[in-house]
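Enquirer: To start, I am sharing the structure in question, which I have written as structure tokens.
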Amino acid sequence: MSLFTIKKAKLICIAFVFSNLLYINAQEYEEIAGRINALESLTDANKKHNELISISSRLKDLQLSDIEQILKTGIVAPLNIVKSEDQDLAIVVFGSTTYSGVYQLEWLVNYKQRIWSFSDEIYYNINKEAPVLSYNVDISDTGLYGFEINNRKQSIFRANDLVTKCLFEDLQTLKTNAAKDSLNEIIQNRLLVLWADAKLYENSFQQLKRMKTLHSEDGKVKICTYNVQKEDFKHQFYGAVIVNDNGIKVNLLNDETDGIRSPERSSLTNKKWYGALYLDLIETVASNKTYYTLLGYKGHDEFTKTRVLDVLSVQNGRLRFGSPIFKTDRITRNRVVYRYSSGATMMMRYDTKQKMIVLDNLAPSDPMFRGVYQYYGPDFSYNSFKFTKGIWELKKDIDLRNLKK
């Protein structure tokens, strides 16, 4: 066989392979389009829920150009591609009503050749028609990409910066401290823009689910916190206290936990902070002074978990964490720290009706382990803190059944 014949045969084979790939891709376009069109015919809510997630997962594996080809096949159900003005960011969005009054929204963010996927539930009035949705991507002067969903011209969904949201997801996947620190620096720079924007002061940043945002009732304080789990079970906390008093002031929080030897006795600032992820904020006033009591979680290591009751006060624009207002067993503390087994779960919550903090009592599994916190856990009794005359006073062995009445 001549060399020319061999080369010709190879070219024919390559051409066949490429034509077959194009044929397979065309088949996939039709298949995915068919699955999307068939969503409305599914009557089982669980099956529809799972199918929406499955389709989203399949779309995530495709290039944006592939999804644009799917649109050309004649999609009946709502599949949309919305692009930013600079064309750097695109959102692929679709969904369907699953359970009564619930619209499941699947959306993918394509940014600089990378794709992230998200799933959200939109609730609507079942007495009215299912939502008729329109989508918009906007770019702020500061380089933030906002995404808004409207139902009949009423905003029902808003993400103020999609890039920050996506980078928070990436932060969970990185392995080394150096990589996490590098990415977290980018996240913090974008968060600073969000925090400093007076128009967003009342915004709870609900789409940034990796960050907890709390507002005080008096409208003067907003606290945002999040944590980054480092190597060897170490947790590092980040965030800011945004004070709204004759303008917006952003106070960054600097976690110095390792350098605080006696946290229950220490009075601290935002520059030297006993870091935590704050889950609730309780506002109280005594002697014309406002206290913002904080229920926080400090993560866990291989053996123990840690929770904390702390308090923030703001005076002349300065922040102070910790104050001698927690009274336990005749001892007054600036904050209360609870350590217990990493395998246990501690309940700590604020009862709005009774106006008290309710929590599990922790005890060692055996008296011989007293002071060895990896053996501590709830003992099925409950305590509470009640705010009276400027002091959170510990009450032991309360009856939770009476609180529920």
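The values are calculated or read from the model by the stated rules, or taken from the named source; none is laboratory data. Every value quoted in this text rests on a predicted model; they were computed, and no experiment measured them. Every residue, glycine as well, gets a Cβ built from its backbone with ideal geometry; the counts of neighbours run over all protein chains shown.
Enquirer: Determine whether LEU295 is crowded, with 16+ Cβ neighbours inside 10 Å, on the phi < 0 side of the Ramachandran plot and hydrophobic (A, V, I, L, M, F, W, C).
Expert: Yes, satisfied.
Enquirer: Grab the strands (runs of 3 or more DSSP E) fully contained in region 324-398, keeping just those with 1 or more residues being among the aliphatic types (A, V, I, L, M), free of Cβ contacts under 8 Å to residues at least 24 places away in the same chain and crowded, with 16+ Cβ neighbours inside 10 Å.
Expert: 356-364
Enquirer: Which of the residues spanning region 203-232 are touching a His at 6+ places or on another chain (Cβ under 7 Å) and more than 19 Å from LEU192 (Cβ to Cβ)?
Expert: Matches in region 203-232: GLN229 only.
Enquirer: Where in region 67-174 are there strands (runs of 3 or more DSSP E), lying wholly inside it, with at least 1 residues that are surrounded by fewer than 18 Cβ atoms within 10 Å (Cβ to Cβ) and within 21 Å of the chain's Cα centre (by Cα)?
Expert: 102-111, 114-123, 145-151, 154-159
Enquirer: Can you name every residue in region 40-58 that is surrounded by 13 or more Cβ atoms within 10 Å (Cβ to Cβ), polar (S, T, N, Q) and not in a helix (DSSP H, G or I)?
Expert: Once the filter is applied, which keeps residues that are surrounded by 13 or more Cβ atoms within 10 Å (Cβ to Cβ), polar (S, T, N, Q) and not in a helix (DSSP H, G or I), region 40-58 yields nothing.
Enquirer: Can you name every residue in region 350-371 that is closer than 17 Å to LEU309 by Cβ and either in contact with a strand residue (DSSP E or B) (Cβ under 6 Å, 6 or more places away or on another chain) or outside the structural domain of THR257 (by TED's automatic domain parsing) (or both)?
Expert: TYR350, ASP351, MET356, ILE357, VAL358, LEU359, ASP360, ASN361, LEU362
Enquirer: While we're here: Residue under question is SER323, and the condition is that it be small (Gly, Ala, Ser), assigned by TED's automatic domain parsing to the domain that holds VAL308, out of contact with any helix residue (DSSP H, G or I) (no Cβ under 9 Å at 6 or more places or on another chain) and over 30 Å from ILE242 (Cα atoms); does it hold?
Expert: So SER323 fails the test.
Enquirer: Ok, one more. Hey, among the residues in region 236-252 that are closer than 15 Å to LEU214 by Cα and in contact with a Gly (Cβ under 7 Å, 6 or more places away or on another chain), which one's surrounded by the fewest Cβ atoms within 10 Å (Cβ to Cβ)?
Expert: Taking the candidates together, the pick is ASN244.
Enquirer: Please specify each residue of region 175-189 satisfying the condition of being of a type in the set (A, V, I, L, M) and buried (at least 18 other Cβ atoms within 10 Å of the Cβ).
Expert: Passing the criteria: only ILE187.
Enquirer: Hey, could you check region 221-257 for residues that are at pLDDT 95 or above and acidic (Asp, Glu) and say which is farthest from the chain's Cα centre (by Cα)?
Expert: GLU256
Enquirer: Another question, then. Return the total of residues in region 60-95 being in contact with a Phe, Trp or Tyr (Cβ under 9 Å, 6 or more places away or on another chain) and among the polar types (S, T, N, Q).
Expert: The total comes to 4.
Results for (1) at pLDDT below 95; (2) more than 32 Å from the chain's Cα centre (by Cα), shown as yes or no for each residue.
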position: THR332; (1), (2): no, yes
position: ILE357; (1), (2): no, no
position: ASP360; (1), (2): no, no
position: PHE387; (1), (2): no, no
position: LEU403; (1), (2): yes, no
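Enquirer: Still on this model: Name the residue that is surrounded by the most Cβ atoms within 10 Å (Cβ to Cβ), counting only residues in region 253-291 that are of a type in the set (A, V, I, L, M, F, W, C) and in contact (Cβ under 8 Å) with a residue 60 or more places away in the chain.
Expert: Selected residue: ILE282.
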